[in-house]
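Scroll down for the structure; my scribbles are underneath it.
The values are calculated or read from the model by the stated rules, or taken from the named source; none is laboratory data. Note that the coordinates shown come from a computational prediction; the quantities given were computed from them, not determined experimentally. Cβ: placed from backbone, ideal geometry, glycine included. Neighbour counts: every protein chain shown.
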Amino acid sequence: MRLRRWVFPTGIVLAILLLPRAFAVSPAQLQPLNSAVTFEDRSGIPLGTILSASGERAAAVPLNRVSPAFQHAIVAAEDGRFYRHGGIDALALLRAAWDAARCLCNAGGASTIAMQAARMRFELPGGVRGKALQMWDAERIAAGSDRAWILQYYVNRVAMGGNVYGVEAAARTYFGIPASDLDLAQAALLAGIPNDPVGLDPRTHWNAARERQRYVLHRMVDSGVITRTQAQIAARENIHVLAHPEDLPAAQQLLFRLASFSASNRVRTTIDLPLQRYVQAQAQDVVEALADRNVTQASVLVIDNRTGDVLAYLGSLDYFDDAYQGQNDGVRALRQPGSTLKPFLYEYALERGAIHPDTVLADVPTSYAIPGGEAYSPEDYSRNFAGPVSVRTALANSLNVPAVRVLSSVGVPAFLDRLRELGFTRLRRSPDYYGLGLTLGAGEVTLWDLARAYVTLARGGNAIALRTDLSAAPDSGSQIMDRSTAQLITDMLADRYARARTFGIGSVIDMPFPAAVKTGTSSGYRDTWTVGYTPEYTVAVWAGNFNGSPMQRIAGVTGAGPLWNRIMLHLYEHRDPPRFDAPPRALLLASQRKPQPNAVQSAAFDEWRAQQADTTGTLRILFPHDGDVFEDNLPHNDPRRSQQQIAFRISRPAGSAVRWSLNGVLLERSSGDTYYWNVRPGSWALSVATKGAHQAVRFSVIRGGLQIHRGFVTRSSSSSTR
């Protein structure tokens, strides 16, 4: 009976020690589960080594690129007899068993590096069964791999605090250096972390990490790899730990996305690193200037229209800014696009013949019956109506009522199909869900999809896929829009005089060279957009808040516009862009004609004029609004200051003379409805008077907070989707 009592445990021990050799794990099976990907910009400039698909910071390096100091430190800390046993350290097991018997607890301390590698490689469970499996697999690993392979696997995969795995990622994360450059003090500090990756994270538990470092140094002295004097010097060394990883590259969100499906461990991206850094810096500056208006984030895409290459990709201002949810990717987030879809509506309507370049559109109060609900009555941004307007004027000034009228004639289902054809595949709901508000931003789109659609316009209606990896072949493109119609829309979007009614002359979206541009503001001031292009580049900008909170009456031209301005000017700092291809002359001339309502429309306009006469009474200031703030951004001696004007607009009784005055100083007497005033800083009271009627508003012009290169920024108190 006594003999039988020893047979079974002896067999277990022999099985653990001998059988694993028949099932040995080869070095090829010990490759790290999550090898990091190294990225370069389009010129080969290193961007950095970042995450695996699992979202961990992991970087696999050969053992000869790991500091010998760390190799000695990790062995001393985790498995002092690593080079003198197999997968299991029998002496450590006996010592742990004795300690457990004395304290009647799980004393630990017997887990070897090979056992920890087995747990990482095979994702073993805990408990007694898990420990037995660790021992089994550790012997299999020891039987099939030499010590260097086991140590290399372990140091590349060991948990190092937070989502950091491996010594290379830890060295770069905490110190901004490669693992090969770790000195003794740094090596000992890192070698202590695996004992408790959460409680010994040096960024959050510095004192505990420092105490563990001293323990590791003591173990290294005991093992004879360093002297006591070396340990004392290392323990006194002043170590600087980075608050954030220094090596994490620009365009973080893009590179994280590429890493998730890259088949290569080295990727040359389409990113232009100097441009990316410029975009990052300018975005930070502009958002800081708008902080008092509750603007906290911005996202940007800069695209080469010829190839579809993404030259700059800004998902958020700071990936590590938890307060403003910096890990969100604003390029891929779904947001309401405001008026930025209007160009595609007008292009489609012109292409189908629903409207023509010389069509007169009625910007008058209009209501649409909604089945089972209240009537839908769109309003313009200014809350006023312009009457008969051309297609060019309606699009350039982003008038809402004409856009809804055009969508009504085209049909929501047909326009929704066109948008999906352009790449807005996330507009998955039914036409009834979006309704006529689709052209004013009732759906949700991404900055990525929006930029791609504008690239299509810039290419004369030829759509291409956007590219972020230079190893992918450029898309040959497909013609989605009629080329002549797309060129006409581009000409309208580049017409600074056509948009003067809404944006004035010399605004932030006016370039010193031809550039087509469209702004947008979602309902409740939650999203602002500015997307524009030259023949060579498309720049798409979003500004707002990732938590969806509203900004303080910031429109597309004032939120995203200043950043778009800076980037576009930077792209052409040393040269002018090529000119757009002109649309056919007949289309161009037709679109520039003064609106002449036909007989059918005249009745509607007559009714509107009658309503205006009833509602406007004697006199009303349409622009600026009371309390508006404008920002003058040009130096005092800049010759372009003469281009900066605000268009004062009024409605008045027919034929009446008007007296304009500013701060009590007479400007002029006239019978006109508009007065163009050269911008000057200060607080102003605009007063208009006719015989028997008077009205006044107050506004102000401030200096240079946004430091943009040209134009002024209008901070309006109106609400809509301009």
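Details
- Subset of the stretch 657-682 (residues that are in a loop (DSSP other than H, G, I, E, B) and more than 21 Å from R501 (Cα to Cα)): A657, N663, G664, P681
- Just one of (1) more than 23 Å from T456 (Cα to Cα); (2) modelled with pLDDT of 80 or more; (3) under 28 Å from the mean Cα position of the chain (by Cα) fails for D322. It is (2).
- Qualifying positions in the stretch 406-449 - surrounded by fewer than 23 Cβ atoms within 10 Å (Cβ to Cβ) and more than 30 Å from the chain's Cα centre (by Cα): S408, S409, V410, G411, P413, A414, D432
- Entirely in the stretch 218-321, the helices (runs of 4 or more DSSP H) that have 1 or more residues that are under 24 Å from Y533 (Cβ atoms): 252-261, 273-289
- Qualifying residue in the stretch 290-312 (condition: among the charged types (D, E, K, R) and within 22 Å of P550 (Cα to Cα)): yes
- Check on L427, part of a helix (DSSP H, G or I) and among the aliphatic types (A, V, I, L, M): no
- Residue in the stretch 229-241 that is loosely packed, with under 13 Cβ neighbours inside 10 Å, in contact (Cβ under 8 Å) with a residue 24 or more places away in the chain and closer than 30 Å to G192 by Cβ present: yes
- Residue match in the stretch 186-199 (condition: assigned by TED's automatic domain parsing to the domain that holds S67 and acidic (D, E)): yes
- Residue in the stretch 534-554 that is surrounded by the fewest Cβ atoms within 10 Å (Cβ to Cβ), counting only those that are over 19 Å from the mean Cα position of the chain (by Cα) and not β-branched (V, I, T): Q552
- Unmet criterion (only one of (1) at pLDDT 80 or above; (2) within 30 Å of L436 (Cβ to Cβ)) for D628: (1)
- Positions within the stretch 155-205 being among the aromatic types (F, W, Y) and closer than 16 Å to A69 by Cβ, in sequence order: Y174, F175
- Considering the conditions (1) closer than 23 Å to T446 by Cα; (2) in contact with a strand residue (DSSP E or B) (Cβ under 8 Å, 6 or more places away or on another chain); (3) without any contact (Cβ under 8 Å) to a residue 60 or more places away in the chain, D318 is excluded by exactly one of them, (2).
- Residue within the stretch 285-299 that is at pLDDT below 95, more than 32 Å from the chain's Cα centre (by Cα) and small (G, A, S) present: no
- Cβ-Cβ distances below 9 Å connect the following pairs, each with a first residue in the stretch 456-470 that is touching a residue at least 12 places away in the same chain (Cβ under 8 Å), a second residue that is among the basic types (K, R) and surrounded by 20 or more Cβ atoms within 10 Å (Cβ to Cβ), and a separation of six or more residues or different chains: A463/R452; I464/R452; A465/R452; L466/R452.
- Considering the stretch 489-524, and only residues there that are of a type in the set (A, V, I, L, M, F, W, C) and within 18 Å of Y346 (Cα to Cα), the residue that is farthest from the chain's Cα centre (by Cα) turns out to be A498.
- Selection status of G556, under 23 Å from Q336 (Cα atoms) and touching a Gly at 6+ places or on another chain (Cβ under 6 Å): yes
- Residue in the stretch 213-228 that is assigned by TED's automatic domain parsing to the domain that holds G80, surrounded by 14 or more Cβ atoms within 10 Å (Cβ to Cβ) and charged (D, E, K, R) present: yes
- Verdict on R501 being modelled with pLDDT under 95, in a helix (DSSP H, G or I) and farther than 20 Å from M551 by Cβ: yes
- For the stretch 271-283, the criterion of being farther than 28 Å from A451 by Cβ and surrounded by fewer than 16 Cβ atoms within 10 Å (Cβ to Cβ) is satisfied by no residue at all.
- Any hit, the stretch 520-530, residues being in contact with a Phe, Trp or Tyr (Cβ under 6 Å, 6 or more places away or on another chain), crowded, with 22+ Cβ neighbours inside 10 Å and free of Cβ contacts under 8 Å to residues at least 40 places away in the same chain: yes
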